[in-house]
């Protein structure tokens, strides 16, 4: 464990414990591109990160073992999956190896030399980060990038550029067993975005105050700014009112949002994929975006603010670049159209994220039957804390199926999927709790017909249902 400067240079060897997480996998790619020799270990890998690490030819040890660090790497990066007694962390300490957290490694090896543009918030971070990075790349700024997902434009979740800017997704999850602080507090934000603040990650933040507290601390770190913040979010309003912010604040929103502050940047929808952008009361004309849904229009505004005000890109360049954004894997991603049934894969797991994603899909497919399949897998989704809110998250769907809870928790803490299905039914959407992933798949096969939309919601592998469902729906043709 170290808080001092990490004085290692390529081709030093770096071992990542928990390499198959989206953030750790992207860091592994960034380190490899910088010239470091990278190894890693994990217990499970699934696409898209498993495919990316294989492409990079990064050696991965399956399972954790003391032997995995006995090649004496120059640095061991310990993911937040590790406890102090984790076999690799423990062995690294016994061998006297230098140990660091994910955010500490990122800051000391990459961010110290660059201006960091950090995208934070409970929802929308990955899409907004990817869009901001794409805009800067398309407009010739050659940024460095680290995002918790696979972007279609870069073909990965990372990029090492020659420009002065580093675009990074600001994760509020904690850093390591020896560094129980939010990752984004290590990123020294030159400018930043806060998309929304809503209690999440209750395994780390047991109450609302602890969660909101780290966002206040983050906002106070932003210098010189700007800090772009959504004007329709109550959590963002709380940050503005109670944090001591030195940065220039720019608010944004979409017409007819429930504004708490009048936004300086306002988007007014003008038909599918089009919006008028008004900046401080002055129209900049009609813009085209490949993203759909009001939540993505807000994400777009946030990215445009930092690209223009923090990175200095002209609006005309941004307007030309925006329509070419390719999107992000597992964010409203079409993964197949077997038998004319469109299957979307989406990472949403918080009730708000499920709700806005389904609303966006309803706006894009107003006449189609939308079938939602939800796997409660994240630490928040598995618990009862949002039981009632999940019952209202599926209102834009025509049918919902709930998979078994993906974690083992005490019964009095666990989301009751039978009660959830019953509540969704009471709210007017036919729903059913399923016995297994296989049972859920069989129900989807029976209910989905040509022209329908199937949305698979999970922040994990969802038992491999994606490929299985594609194959089975083709065979049902």
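Throughout, read-outs are computed from the coordinates displayed, never taken from laboratory work. Nothing here was measured: the structure is a model prediction, and the numbers come from that model. A quick note on method: Cβ atoms are made from the backbone with ideal geometry, for glycine too, and the neighbour counts reach across all protein chains shown.
Kirkwood radius, the chain, all distinct C-alpha pairs, inverse of mean reciprocal distance: 23.0 Å. The stretch 412-446 and the stretch 117-141 have Cα centres lying 35 Å from one another.
Report the extension gain between residue 268 and residue 54 in nm, rounded to one decimal, defined as 0.36 nm multiplied by the number of residues separating them, less their alpha carbon distance. Don't jump to the answer; show the numbers that get you there.
On the way: separation 214, 0.36 × 214 = 77.04 nm, distance 4.33 nm.
Value of the extension gain: 72.7 nm.
The calculated Kirkwood hydrodynamic radius for the stretch 238-334 is 14.4 Å, given to one decimal from all distinct C-alpha pairs.
A Cα-only calculation for the stretch 306-429 places Rg and Dmax at 17.9, 56 Å.
Hey, fewest Cβ within 10 Å first, where do 152, 314 land in order?
Fewest-to-most Cβ neighbours within 10 Å comes out as 314, 152.
Taken over the stretch 13-104, the alpha-carbon convex hull comes to 83 cubic angstrom per residue.
Sorting the segments 128-136, 19-27 by their mean number of nearby beta carbons within 10 angstrom, highest to lowest, gives 128-136, 19-27. If you find the alpha carbon centre of the stretch 332-362 and of the stretch 177-227, how far apart are they in angstrom? A separation of 28 Å, based on Cα centres. Over the chain, dividing the summed -39,500 (n - 2.57) contributions of all DSSP H runs of at least 4 residues by the number of residues returns a 222 nm mean residue ellipticity of -9000 deg cm²/dmol.
Contact order for the stretch 13-104, expressed relative to its length and based on alpha carbon pairs under 8 Å spaced 6+ residues apart, stands at 32 percent.
Report the full-extension gain for the segment residue 427 to residue 334: residue separation times 0.36 nm, less the Cα-Cα distance, to one decimal in nm.
Numbers: separation 93, 0.36 × 93 = 33.48 nm, distance 2.78 nm.
Taking residue 427 through residue 334 to full extension adds about 30.7 nm, to one decimal.
Counting neighbouring Cβ atoms within 10 Å and putting the fewest first, the residues 298, 470 line up as 470, 298. Residues of the stretch 448-476 falling in the label zone of residue 367, defined by backbone nitrogen less than 20 Å from a point 7 Å along Cα to beta-carbon, are 448-454.
In plain terms, the residue of 324, 386 with the fewest other Cβ atoms within 10 Å comes first and the most crowded comes last, giving 324, 386. Of all DSSP beta bridges confined to the chain, the antiparallel ones make up roughly 25%.
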